[in-house]
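Remarks on the structure that follows.
The values are calculated or read from the model by the stated rules, or taken from the named source; none is laboratory data. Being a predicted model, the structure only gives us computed values, none of them experimental. Cβ atoms come from the backbone with ideal geometry, glycine included; neighbour counts cover every protein chain shown.
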Amino acid sequence: MTMPTVDWGTPGAAGAEGLRERKKRLLRRRLTDTATALFLERGFDAVRVAEIAAACEVSEKTVFNHFPSKEALVLDRPEATMAALRTGLARAGRSPVEAVLDVLARELDALLSWLAAQPDLAEASGRVQAFTALVRSTPALRAHHREMAEQLEGAAAEALAARTGCTADDPRCQITATALLGLCRVQSSALRRSLDGVRTPEEIRAAVTADVHSAARLVETGLAGFAPVG
């Protein structure tokens, strides 16, 4: 949801997977890592899928068997994110805002765990920033990012409808889903500001979490809670 992109973390369920699943996961990771490196080096539009396939010693068809499009090679994992979102919003004991905060916290944990494991914090932070810049500067990736955001909003609206007995096109479900997914954008913006190569993972966590929770309080209370500062 930060948005779903390169999996910077370590898959948590790897120990329970079978050999076939593990091979599939590792190939997907290799394809993603190779594609991302080539895109960062030469630009998204300058790299063909056939080149990525050749670098990984697989066929172009194999690449598309794992990823539906070239854009999905760097912006992926929407199904896992939507599943986590639906599960969280279905929990009666958690408010919708709390459910989204849980998902965002897990994604932040994965990124920061990866960051903490890198030998050079500044270099690793620069890699994440370069990846973000690639997405923001490439029209095809920006469009794919927006499409994924719309899919997430739709999934959230459906989950909220099931929770309340409304329909997914009820304006209250739609505006609530839009507001909830706005917290993803807040987290992304906070990460861009905090990944300066100097702050430690825990300092980044504190800064990002503070921004997200500040926005979440406004979502929880409604626009009546918005007031100018100072």
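Please state which one of Arg217, Arg136, Arg142 is in the same structural domain as Val100 (by TED's automatic domain parsing), in contact with a Lys or Arg (Cβ under 9 Å, 6 or more places away or on another chain) and loosely packed, with under 14 Cβ neighbours inside 10 Å.
Just a single option satisfies the conditions, and that option is Arg136.
Here is a check on your reading of the model: is Thr81 crowded, with 17+ Cβ neighbours inside 10 Å, modelled with pLDDT under 90 and in contact with a helix residue (DSSP H, G or I) (Cβ under 9 Å, 6 or more places away or on another chain)?
For Thr81, the condition - crowded, with 17+ Cβ neighbours inside 10 Å, modelled with pLDDT under 90 and in contact with a helix residue (DSSP H, G or I) (Cβ under 9 Å, 6 or more places away or on another chain) - is met.
Does any residue in segment 188-207 that is without any contact (Cβ under 8 Å) to a residue 40 or more places away in the chain come within less than 8 Å, Cβ to Cβ, of a residue that is in a helix (DSSP H, G or I) and among the hydroxyl-bearing types (Ser, Thr, Tyr) six or more places away or on a different chain, and which pairs are these?
Qualifying pairs under 8 Å: Glu203/Ser194; Ala207/Ser194.
Looking at segment 95-127 only, could you name the residues that are under 19 Å from Ser194 (Cβ atoms), of a type in the set (S, T, N, Q) and either outside the structural domain of Val219 (by TED's automatic domain parsing) or surrounded by fewer than 17 Cβ atoms within 10 Å (Cβ to Cβ) (or both)?
Residues satisfying the conditions are Ser113, Gln118.
Please determine, by comparing only the residues of segment 17-68 that are surrounded by fewer than 12 Cβ atoms within 10 Å (Cβ to Cβ) and of a type in the set (Gly, Ala, Ser), which one is farthest from Arg127 (Cα to Cα).
Among them, the one singled out is Gly18.
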